[in-house]
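Chemist: What follows is a single structure, and I will ask about it in a moment.
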Amino acid sequence: MSQKTLAEGARTGAGAPTEASPKRWWILAIVALAQLMVVLDATIVNIALPSAQADLGFSDGNRQWIVTAYALAFASLLLLGGRIADLFGRKPAFLIGVVGFGAVSALGGAATSFEMLVVARALQGVFGALLAPAALSLLNTTFTDARERAKAFSVYGAIAGAGGAVGLLLGGILTDAFDWRWTLYVNVVIAVVAFAGGWMLLSNHRDAANSKLDVPGTILVAGGLFGLVFGFSNAETHDWSSPQTWGFLIAGGVLLAAFAWWQTRASHPLLPLRILLDRDRGASFLAVLLSGAGMFGVFLFLTYYLQLNLGFSPTKTGVAFLPMVGALMIAAQLGTTKLVPRLGPKAVIPLGFAIATGGMAWLTGIGVGSDYVSAVLPQLIVIGAGLGLVMPPAMQMATGGVAAEDAGVASATVNAMQQVGGSIGTALLNTLAASAATSYLSGRDATNKLVQAQATIESYTTAFWWSAGLFAAGTVIAFLLYRRGVPQQDADAAPVVHM
């Protein structure tokens with residue numbers, strides 16, 4: 001087992017044969033399709049919630065559980081799902097994840113009660129936690145050429161970054177054209193295609209077959225991630241001073257600290273600390289976390305603004321995000337295949353964060369009488385371009401150079417960072433936005449429609465400023481942590497195994 005640079009790891013692949021798979025581009029298409037299914041389900045149901053609520057008759061207070069149930073199960077079980085893929089093989093993990101996700105999506109679409117829908121959403125999170133790490137680790141072991149690997153990660157990263165916007169678009173179209181149930185039924189169609197492709201194209205690898213599952217570590221990290229996501233979710237409906245919020249956040253932090261301690265003692269650790277100790281990889285995990293948190297300032301509050309203030313339909317709202325998706329995909333291709341190989345991540349990823357910061361700050365200029373073309377469209381393009389230079393390169397750096405037997409759990413950590421970042425962003429920005437609206441209404445006539453409209457603008461722009469702040473923090477952290485030039489692995493980092 002020899003130490004190599006990440007660049008060499010990109011050429012040879014993390015434990016993969018040096019000869020590239022002739023089916024690799026078809027594998028990318030299947031993996032990308034499966035990843036799209038997982039990512040868009042974080043937002044596709046959001047637009048359909050009012051219709052589902054009217055149909056099933058649940059309260060406003062219960063509405064958040066349709067979203068939270070998915071996020072809780074997904075985030076809590078990601079590391080377990082990644083380790084299962086390493087231990088028992090990526091192909092069975094991928095196929096079981098796809099089939100399960102499609103089946104419980106059908107269950108959710110056929111829901112006759114609120115409880116049935118929540119259970120289906122939670123089960124979607126369970127199977128998504130198995131599917132997502134397997135999908136990302138498949139890219140890590142399928143693409144062995146540095147340039148091709150960069151292209152593959154540009155596609156994957158673009159989907160991870162733009163999947164939320166695609167979910168909003170697809171959710172709007174399906175809700176308008178059919179009904180809310182089709183936001184779940186559509187997964188059955190995607191799952192059938194992904195399963196057929198995976199069955200025919202994938203080969204099975206059990207790179208950690210000689211290891212054992214770290215049961216105490218699994219319980220500790222699942223409980224810790226559950227506590228964090230649940231605590232931040234409660235912050236949306238409870239005050240930050242509520243025990244329902246800070247109690248779970250503290251419990252989550254304690255459990256994660258215990259998990260980190262246990263990983264230094266376990267004979268077969270769930271998350272080997274050598275994965276986290278590489279400086280560039282640690283910086284990449286933080287970049288994914290901060291970009292995930294800041295992105296919700298775009299998706300969540302801009303969706304409100306477009307629908308409630310500009311009167312856009314759900315479908316038109318989804319279409320309005322497409323320019324951002326396009327800019328993100330172009331920047332992703334440019335960043336992973338051209339800029340990072342030449343300039344290194346220390347130049348590219350902070351630049352992406354800085355561009356996204358500028359775009360978010362520019363977006364705070366919206367007003368009651370603003371229009372989409374001048375006050376939203378250019379800003380979305382700038383934000384998309386910035387995020388395209390952050391997320392795909394960071395995901396590639398976070399999983400590059402790990403040993404083959406750790407590919408699944410490293411991929412799971414990337415997904416966990418994005419999920420926890422999203423939960424932090426949603427809770428934090430919702431709370432700040434609500435406080436800004438309340439503060440604006442204080443001393444004003446709250447029954448006046450113009451005052452009410454301006455209060456909502458104040459809440460949106462506050463969220464946008466804080467999103468800009470998160471991206472600005474990403475700029476500084478990425479610049480300080482990433483090494484200059486071609487990244488080298490630390491001696492304690494996960495080695496690249498050359499077979």
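Chemist: Which order do the peptides 92-102, 215-225, 108-118 come out in when sorted by mean C-beta neighbours inside 10 angstrom, highest first?
Modeler: On the way: 92-102: 23.5, 215-225: 19.8, 108-118: 17.4.
So the order, starting with the most tightly packed, is 92-102, 215-225, 108-118.
Chemist: For all pairs of alpha-carbon atoms in the stretch 372-440, what percent lies in each bin of width 5 Å, listed from the first bin to the last filled one?
Modeler: 3, 13, 12, 14, 18, 15, 10, 7, 4, 2, 1
Chemist: Which semi-axes, in whole Å and largest first, does the equivalent ellipsoid of the stretch 249-295 have when worked out from the alpha carbon gyration tensor as the square roots of 5 times its eigenvalues? Could the numbers behind the result be given before it?
Modeler: Values: eigenvalues 99, 55, 9 Å².
Values for the stretch 249-295, descending: 22, 17, 7 Å.
Chemist: Run down the lysines and flag those whose C-alpha is under 28 Å from the C-alpha of K346, throwing out any fewer than 8 positions away in its chain.
Modeler: Of all the lysines, those that pass the test against K346 - Cα under 28 Å, at least 8 places apart if same chain - are K4, K151, K338.
Chemist: Next question, about the same structure. Between the stretch 229-254 and the stretch 56-125, what is the separation of their alpha carbon centroids in Å?
Modeler: Using only Cα atoms, the two centres lie 22 Å from each other.
Chemist: By how many nm would the segment from V193 to D176 grow when fully extended, if each residue of separation counts as 0.36 nm and the alpha-carbon distance is taken off? If you can, show how the numbers build up before the last one.
Modeler: On the way: separation 17, 0.36 × 17 = 6.12 nm, distance 2.45 nm.
This chain segment gains 3.7 nm when fully extended.
Chemist: Can you list the residues of the stretch 153-194 with backbone N under 16 Å from a point 7 Å past the Cα of V319, pointing along Cα to Cβ?
Modeler: Counting backbone N atoms under 16 Å from the label point, the list is 166, 168-178.
Chemist: When Rg is the radius of gyration of the Cα atoms in the stretch 67-131 and Rh is its Kirkwood radius, what does Rg/Rh come to?
Modeler: A ratio of 1.02.
Chemist: So which lysines can K91 reach, going by Cα to Cα under 19 Å and dropping same-chain residues fewer than 8 places off?
Modeler: Qualifying lysines at Cα under 19 Å: K23, K212.
Chemist: Right, here's the next one. Ordered by packing density, taken as the mean number of other Cβ atoms within 10 Å over each peptide's residues, highest first, how do 84-91, 425-432 rank? Could you put the intermediate results ahead of the total?
Modeler: Numbers: 84-91: 24.6, 425-432: 22.1.
Listed from highest to lowest mean packing, they are 84-91, 425-432.
Chemist: Related question: Can you give the relative contact order of the chain as a percent, counting alpha carbon pairs under 8 Å and 6+ residues apart?
Modeler: Contact order relative to length: 26 percent.
Chemist: Okay, next question. Using a 10 Å cut-off on Cβ atoms, rank the peptides 443-452, 398-407, 315-324 from the highest mean neighbour count down.
Modeler: 398-407, 315-324, 443-452
Chemist: Provide the gained length on full extension for the span V373 to L480, in nm with one decimal, where the gain is 0.36 nm per separating residue minus the Cα-Cα distance. Spell out each step's value before the answer.
Modeler: Values: separation 107, 0.36 × 107 = 38.52 nm, distance 3.65 nm.
Here the answer is 34.9 nm.
Chemist: Taking Rh as the Kirkwood radius, which is the inverse of the mean 1/r over Cα pairs, what is the Rg/Rh value for the stretch 120-163?
Modeler: Value, to two decimals: 1.09.
Chemist: Which value, in Å to one decimal place, does the Kirkwood hydrodynamic radius take for the stretch 35-82 when every pair of different Cα atoms is included?
Modeler: Over the stretch 35-82, the inverse of the mean reciprocal pair distance is 11.9 Å.
Chemist: Which percent of the accessible heavy-atom area of the chain goes to carbon and sulfur, probe 1.4 angstrom?
Modeler: Taking all protein chains in place, the chain shows 67 percent carbon and sulfur surface.
Chemist: What is the angle, in °, between the Cα long axis of helix 345-363 and the longest principal axis of the Cα atoms in the chain? Nearest 10 is fine, range 0 to 90.
Modeler: Roughly 10 degrees between the two axes.
Chemist: Further, regarding this structure: Per the Cauchy relation, a quarter of the hull surface: what is the mean projected area of the convex hull of the alpha carbons in the stretch 416-479, in nm²? Please report the intermediate quantities before stating the final value.
Modeler: Values: hull surface 19.4 nm².
Mean projected area for the stretch 416-479: 4.9 nm², to one decimal.
Chemist: Bins of 10 Å, beginning at zero and ending with the bin holding the largest distance: percent of Cα pairs per bin for the chain, please.
Modeler: Taking every Cα pair in the chain, the percentages come to 4, 20, 32, 28, 12, 3, 0, 0.
Chemist: Oh, and also: Report the Stokes-Einstein translational diffusion coefficient (µm² s⁻¹, integer) for the stretch 244-379, Rh taken as the Kirkwood radius over Cα pairs, at 10 °C with viscosity 1.306 mPa s.
Modeler: 86
Chemist: In whole angstrom, note down how far apart the Cα centers of the stretch 357-402 and the stretch 21-37 are.
Modeler: 26
Chemist: Still on this model: With a/c under 1.5 counting as rounded, go ahead and sort the stretch 44-164 into rounded, prolate or oblate using the C-alpha gyration tensor (a ≥ b ≥ c being the square roots of the eigenvalues; past the cut-off, prolate if a/b is larger than b/c, else oblate).
Modeler: Note, shape of the stretch 44-164 comes out prolate.
Chemist: Still on this model: Using only C-alpha positions, report the orientation-averaged shadow area of the convex hull of the stretch 302-441, nm², one decimal.
Modeler: 10.1
Chemist: A further question on this structure: How large is the accessible surface per residue of the chain, computed with a 1.4 Å probe and reported in Å² as a whole number?
Modeler: Spelled out: the 1.4 Å probe surface of the chain, per residue, equals 37 Å².
Chemist: Still on this structure: If Rh is defined by the Kirkwood formula over all Cα pairs and Rg also comes from Cα, what ratio Rg/Rh do you get for the stretch 106-179? If you can, show how the numbers build up before the last one.
Modeler: Details: Rg = 16.6 Å, Rh = 14.9 Å.
Computed over Cα atoms, the ratio is 1.11.
Chemist: Something else: Where does helix 60-88 land angle-wise versus the long Cα axis of the chain, in degrees 0 to 90, nearest 10?
Modeler: It works out to around 10 degrees.
The values are calculated or read from the model by the stated rules, or taken from the named source; none is laboratory data. These figures come from a predicted structure and were not determined experimentally. Quick reminder, even Gly has a Cβ in these numbers, built from the backbone with ideal geometry, and neighbours come from all protein chains shown. Quick note on the areas: whole protein, heavy atoms, side chains included, nothing else; ligands and nucleic acids left out. Shrake-Rupley method; radii C 1.70, N 1.55, O 1.52, S 1.80 Å.
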